[in-house]
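To start, the structure itself, in structure tokens.
The values are calculated or read from the model by the stated rules, or taken from the named source; none is laboratory data. Because the structure is a prediction, the values reported are computed rather than measured. Virtual Cβ from ideal backbone geometry, glycine too; neighbours counted across all protein chains shown.
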Amino acid sequence: MTTNGRDSLILALDVATEAEALELAAATGEHVGCMKVGLRLFTSAGPGLVRRLRTEGHRVFLDLKFHDIPNTVADASRAATALGVDYFTVHTPGGPEMLKASLEAAWDEAARLGTAPPVILAVTVLTSLPAPESEVVRRAAAAWEAGIRGVVASPREARALRETLGPEATIVTPGVRPSWAAADDQRRVATPADAISAGATHIVVGRPITTADEPREAARRVREEIEEAHSRG
């Protein structure tokens, strides 16, 4: 598990254009370890943006939440791997066959290219929705059984997931809001320090940084909060 605040911080580039995304990445990269490209931005800017971010030295989390028949998800997983992303997401309700197909395709494509495979993250329950902890843990455990070693869940389930999945799991928590930021449309939220202390390896922060008057300064504050949590053990 990383103890570096920068490595633990993922910035959600939830903006409309490539120009905005690249400006934010350049401004915050000193404090942010990975840039998340979601549905809106990928639909607007496409694979070219991912390649540009990679060229400029940023790690990339492609958050498209693949959920389809196994063959289709396998093809998408190959494409994501070939694109050079570091992480990408799949939806756990797609079932074990779909999850295994995604994993096998990503590994096969990485082997063909001679590169490290991306970390596949299984999305449990969206943080905008209410959910019992037991359901989140059940879905995460099913993904683990299928071979997926990373999960996405709210900070509130991080401790239970760490206890269930063990020390090797990558646990990514969106729905993270610093104490000085609004919750917006997230329902299951926590501060960066709370999420890390509960067992998250990475946190995703968007609007508290992207809409700040000074995004670099906001990113620095979040990074410091993460590092303080790490220092407390």
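Some observations on this one:
- Verdict on THR89 being under 23 Å from LEU53 (Cα atoms) and either outside any helix (DSSP H, G or I) or in contact with a strand residue (DSSP E or B) (Cβ under 7 Å, 6 or more places away or on another chain) (or both): yes
- Of all residues making up region 1-25, the number that are outside any loop (DSSP other than H, G, I, E, B) and at pLDDT below 95: 1
- Among the residues examined, GLU109 qualifies as surrounded by 15 or more Cβ atoms within 10 Å (Cβ to Cβ) and assigned to a helix (DSSP H, G or I).
- Residue count for region 26-41 under the criterion of being in contact with a Leu (Cβ under 6 Å, 6 or more places away or on another chain) and assigned to a loop (DSSP other than H, G, I, E, B): the result is 2.
- Of the residues making up region 110-127, those that are at pLDDT 95 or above and either farther than 17 Å from VAL90 by Cα or of a type in the set (Ser, Thr, Tyr) (or both) number 7.
- Evaluated against (1) touching a residue at least 24 places away in the same chain (Cβ under 8 Å); (2) surrounded by fewer than 15 Cβ atoms within 10 Å (Cβ to Cβ); (3) more than 26 Å from ALA218 (Cα to Cα), GLY57 falls short on exactly one condition, (3).
- Any pair with Cβ under 6 angstrom, 6 or more apart, that starts in region 81-107 at a residue that is touching a residue at least 24 places away in the same chain (Cβ under 8 Å) and ends at one that is of a type in the set (A, V, I, L, M) and assigned to a loop (DSSP other than H, G, I, E, B): PRO96/ALA146; LEU99/ALA146; LEU99/ILE148; LYS100/ALA146
- Filtering region 182-201 to residues that are part of a loop (DSSP other than H, G, I, E, B) and either modelled with pLDDT of 95 or more or small (Gly, Ala, Ser) (or both) leaves ALA182, ALA183, GLY199, ALA200, THR201.
- Within region 61-85, being touching a Lys or Arg at 6+ places or on another chain (Cβ under 6 Å) and closer than 19 Å to ARG40 by Cα holds for PHE61, ASP63.
- One residue stands out among those in region 205-233 that are surrounded by fewer than 22 Cβ atoms within 10 Å (Cβ to Cβ) and among the β-branched types (Val, Ile, Thr): the one that is farthest from ASP14 (Cα to Cα), which is THR211.
- Members of region 5-54 found to be in contact with a His (Cβ under 6 Å, 6 or more places away or on another chain) and free of Cβ contacts under 8 Å to residues at least 12 places away in the same chain, listed by number: none
- Taking first residues from region 143-169 that are closer than 18 Å to HIS67 by Cβ and partners that are part of a helix (DSSP H, G or I) and of a type in the set (D, E, K, R), the Cβ contacts under 8 Å between residues at least 6 apart in sequence or on separate chains come to ALA146/LYS100; GLY147/LYS100.
Residue-by-condition table, conditions (1) part of a loop (DSSP other than H, G, I, E, B); (2) at pLDDT below 95:
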position: ARG156; (1), (2): no, yes
position: ARG159; (1), (2): no, no
position: VAL172; (1), (2): no, no
position: TRP180; (1), (2): yes, yes
position: GLU225; (1), (2): no, yes
position: ALA229; (1), (2): no, yes
